1. Over the chain, calculate the relative contact order: mean separation of alpha carbon pairs under 8 Å at least 6 apart, over the residue count, as a percent.
2. About its Cα centre, how strong a charge dipole does the chain have in debye, to the nearest 20, once Lys and Arg get +1 and Asp and Glu get -1 at the Cβ?
3. Ignoring ligands, DNA and RNA, what percent of the accessible area of the chain is carbon or sulfur (1.4 Å)?
4. Sequence neighbours fewer than 8 away in the same chain don't count; with that in mind, list the lysines whose C-alpha is under 22 Å from K66.
5. What do you get for the angle between helix 41-59 and the principal long axis of the chain? Use alpha-carbon atoms, 0 to 90 degrees, nearest ten.
6. Could you compute the FRET efficiency for Y40 and E67, with r as their C-beta to C-beta distance and R0 at 22 Å, rounded to 0.05?
7. Kindly provide the trypsin sites (Lys or Arg not before Pro) of the stretch 28-85 that DSSP labels as loop, not H, G, I, E or B, and whose Cβ sees at most 13 other Cβ atoms within 10 Å.
8. What does the charge dipole of the stretch 1-40 about its Cα centre add up to, to the nearest 20 debye, if the Cβ of each Lys and Arg holds +1 and the Cβ of each Asp and Glu holds -1?
Amino acid sequence: MDISALQLNKKATAIIGEVQRFISEFQLRKNTLPSRVALYPGKYADLEKAVVSELIKKNTGSDSKKEVRAPKVITIQGIPIHPHS
């Protein structure tokens with residue numbers, strides 16, 4: 001799920017900005033896009049939490065009983081984001 005268009009909280013927006021800056025710097029230096037980006041586990045958890053809360057806000061009108069889970073793959077500009085292990 002590409003989260004570039006979602007309206008997220010300030011912390012998640014800052015993390016997305018960091019990732020986008022990394023992607024642009026990587027592209028300038030290597031002349032290609034990275035295949036994936038790893039985030040520190042805490043930053044990834046903050047990002048995932050913000051995405052889930054935004055999905056809950058969007059889904060409350062249609063079916064509030066349905067459980068909303070984090071997407072399996074979070075992407076920014078088509079590049080998968082995952083926690084660093």
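1. This gives 46 percent for the chain.
2. Using only the charged Cβ atoms, the result is roughly 40 debye.
3. That share works out to 52 percent.
4. Here the lysines satisfying the reach criterion relative to K66 are K49, K57, K58.
5. Computed tilt is about 40 degrees.
6. For R0 = 22 Å, the calculated efficiency reads 0.20.
7. Answer in residue order: R36, K65, K66, R69, K72.
8. Approximately 100 debye in magnitude.
The values are calculated or read from the model by the stated rules, or taken from the named source; none is laboratory data. On a predicted model such as this, the values are computed, not experimentally measured, just so you know. Methodologically, a virtual Cβ is constructed for each residue, glycine included, from the backbone with ideal geometry; neighbour enumeration extends over all protein chains shown. Note: accessible area is taken over every heavy atom of the protein model, side chains too, but ligands, DNA and RNA are not part of it. Shrake-Rupley method; radii C 1.70, N 1.55, O 1.52, S 1.80 Å.
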